[in-house]
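Q: Sharing a structure here in structure tokens format.
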Amino acid sequence: MSTNDTGMPSRPWSPSAVELDRRAFRRARTTRSVVTATLSSIVVFLVLSVVITRSPGWPRVKETYFSWDKAVSSFPAVLEGFWLNVRIMVICGAIIGAFGLALAIMRTLRGPVFFPVRAFATAFTDTFRGLPLILVILLLGFGVPALNIEGVTNDVLLLGCTGLVLSYSAYVGEVIRAGIESIHPSQRAAARSLGLTHVQTLRFVVIPQALRRVMPALLNDLVSLQKDSGLISILGVVDAVQAAHIEEAADFNYTPYVVAGVLFLSLTVPMTRFTDWVARRQGGPGVGGAV
Amino acid sequence: MSDLSVVGLRKAFGNHVVLSGFDLSVAHGECVVLIGASGSGKSTVLRCVNLLETVDDGVIRLGGDDVTDPRADPDAVRARMGIVFQSYNLFPHLRVLDNITLAPVRVHGVARAAAERAAREMLDRVGLADKASARPDELSGGQQQRVAIARALVNSPELMLLDEVTSALDPELVGEVLELLVDLKRDGMTMLLATHEMAFAKQVADRVCFLHGGRVHEEGPPSELLVAPREDRTRQFLSRFVSL
Ligand SMILES: Nc1ncnc2c1ncn2[C@@H]1O[C@H](COP(=O)(O)OP(=O)(O)OP(=O)(O)O)[C@@H](O)[C@H]1O
Ligand SMILES: [Mg+2]
């Protein structure tokens, strides 16, 4: 009964002529698609570059936005600023993950005892999901120091990060909650019937499945956080955007902004590709078969 | 001394009354089979006994303890029973082995090594020793169902509840599961199961209960109830199963 449930004999197999033919066809089709994609990309790129470089304003734009010398000279400062953005993303990302999870769990708790907890989580989510991020950052960054409270930091970097954490936790909490609620009730029933408590059921059965399910959406939020970390430059924190601004102010050449943009892209594009890959992998074999 | 006794159980969903004045007792080591039309409340009985539903009225006793008493810890009560559902409900994110060890390790405080040993023995018993590291979605329906039974058995429950455990399986796989249940019965396991398969009921049941009108309409040993029912309603229900 163990290995050979189906009584399948292990005969040596070599693909039949029909199968070989199908494989050859699939290979040819793949090659054809790659060639078509490459050719059409080249054509589009050529047309665009001809149109742009032939336009009358191009020499001036090229000088103010794409000056190679300016790019080289501003690069170290912008890169240093960018390094701050990366650190903000990693640290805030971790804190946001923890807060978001806590908020999601708080909102899914049942029973009258937990009413205050649920109410708090709901109010928090409504508030910070409803406020524009830039407003939260401005209010914290300029409001808190003005209050002059004893023992509360006036460090704008810290306050800006707090703003990011508050806003993003509200979003991430909602994503995770959606994941938790998407797990079929029969999974809870099965876990509870084995004697697991409500908390154990969440921890070992519901949340692992929920997080897996919403991972692409969470990674998407991380990419977005990486971009939005640039917003704290309005508080004067020297991140990539602010560093580029300082470099630009010297001679009104905008190339440093382009440098900052390229740096952001160099991180967000691979992250986006990774997110897509995770999402695709989730479909996984066995779930939808060949469809 | 009966292991499970249900007295005057009532359960309604909204104003749809499913069970009312429902009485049932299952003796230690006995195998009782619930039959009845779709919607007659077989699953509801099992879910109430497992405290997955709160009852509207009545008392359920397990080994003499009133489990419907709100002061009783429902998790502790559930830990004393095993339930297997029609739809298996394995945890898709865990390997077969981890599905089985989850409750022993987390609920019963068994050391992981010991739990894994017990789980492998149980898998061997249900004929799936080689599937320990498979994911549930890599298994066939019958294999998943056997894992679900192993998962319930590994906690050494006092009572096994089985809800149409074979209805998603082809006849040959039904045989596999049936064999396993006959085996369990021989080991003295107390079982309460719901099924639509009369042949199945005939083979494992000590007693068959026909559910109708929210209570046990007629009961008896399979050789009597399935062959020569006394009540019209029972006869009418059974007449749809030609192969008896
Ligand atoms: N959660 C619920 N909410 C509302 N009604 C329910 C719920 N669960 C069950 N019911 C109703 O209770 C009745 C009994 O359901 P139950 O699942 O116990 O039937 P069953 O005898 O197991 O039927 P089947 O043989 O089809 O599995 C049905 O009419 C069903 O619609
Ligand atoms: Mg049912």
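The values are calculated or read from the model by the stated rules, or taken from the named source; none is laboratory data. On a predicted model such as this, the values are computed, not experimentally measured, just so you know. Cβ sites come from the backbone with ideal geometry, for glycine too, and all protein chains shown count toward neighbours.
Q: Given the residues B:Arg112, B:Arg95, which is the only one that is outside the structural domain of B:Leu192 (by TED's automatic domain parsing), closer than 27 Å to B:Gly141 by Cα, charged (D, E, K, R) and more than 16 Å from ligand 1 (Cβ to nearest atom)?
A: After applying the criteria, what remains is B:Arg95.
Q: Same structure, new question: Starting from segment A:180-196, keep only residues that are facing chain B (nearest Cβ under 7 Å), then list their pairs with residues that are among the hydroxyl-bearing types (Ser, Thr, Tyr) whose Cβ atoms are within a distance under 8 Å, requiring at least 6 positions of separation or different chains.
A: Partner pairs satisfying both residue conditions: A:Ser186/B:Ser87; A:Arg192/A:Thr201.
Q: Here's a follow-up. Could you tell me whether B:Ala76 is in the same structural domain as B:Arg240 (by TED's automatic domain parsing) and either within 11 Å of ligand 2 (Cβ to nearest atom) or in a loop (DSSP other than H, G, I, E, B) (or both)?
A: No: the conditions fail for B:Ala76.
Q: Take the residues of segment B:180-229 that are of a type in the set (Gly, Ala, Ser) and closer than 16 Å to B:Asp163 by Cβ: which is farthest from ligand 2 (Cβ to nearest atom)?
A: It comes out as B:Ala205.
Q: Going through segment A:142-163 one residue at a time, which ones are buried (at least 17 other Cβ atoms within 10 Å of the Cβ) and in a loop (DSSP other than H, G, I, E, B)?
A: Selection gives nothing.
Q: Which numbered condition trips up A:Asn253, out of (1) surrounded by fewer than 16 Cβ atoms within 10 Å (Cβ to Cβ); (2) over 29 Å from B:Val77 (Cβ atoms)?
A: It is condition (1) that A:Asn253 fails.
Q: OK, next. So if I check each of B:Val96, B:Val67, B:Val84, B:Val45, which one is in contact with a strand residue (DSSP E or B) (Cβ under 9 Å, 6 or more places away or on another chain), among the hydrophobic types (A, V, I, L, M, F, W, C) and more than 13 Å from ligand 2 (Cβ to nearest atom)?
A: B:Val67
Q: When B:Asn15 is evaluated against the numbered criteria (1) more than 9 Å from ligand 1 (Cβ to nearest atom); (2) away from every other protein chain (no Cβ under 14 Å); (3) touching a strand residue (DSSP E or B) at 6+ places or on another chain (Cβ under 7 Å), which criterion, by number, is the only one it fails?
A: It fails just one condition, (3).
Q: Let me ask something additional. May I ask you to verify whether B:Ile83 is touching a Lys or Arg at 6+ places or on another chain (Cβ under 9 Å), in contact (Cβ under 8 Å) with a residue 40 or more places away in the chain, outside any loop (DSSP other than H, G, I, E, B) and at the interface with chain A (Cβ under 8 Å from one of its Cβ atoms)?
A: It is true that B:Ile83 is touching a Lys or Arg at 6+ places or on another chain (Cβ under 9 Å), in contact (Cβ under 8 Å) with a residue 40 or more places away in the chain, outside any loop (DSSP other than H, G, I, E, B) and at the interface with chain A (Cβ under 8 Å from one of its Cβ atoms).
Q: Further, regarding this structure: Name every residue in segment B:214-230 that is closer than 21 Å to B:Leu19 by Cβ and at pLDDT 90 or above, in order of residue number.
A: B:Gly214, B:Arg215, B:Val216, B:His217, B:Glu218, B:Glu219, B:Gly220
Q: Identify the residue in segment B:3-37 that is in contact (Cβ under 8 Å) with a residue 12 or more places away in the chain and not in a strand (DSSP E or B) and, among all such residues, is nearest to ligand 2 (Cβ to nearest atom).
A: Per the stated criteria, the residue is B:Ala37.
Q: Restricting segment B:55-80 to residues that are of a type in the set (Lys, Arg) and within 13 Å of another protein chain (Cβ to nearest Cβ), which is surrounded by the most Cβ atoms within 10 Å (Cβ to Cβ)?
A: That would be B:Arg78.
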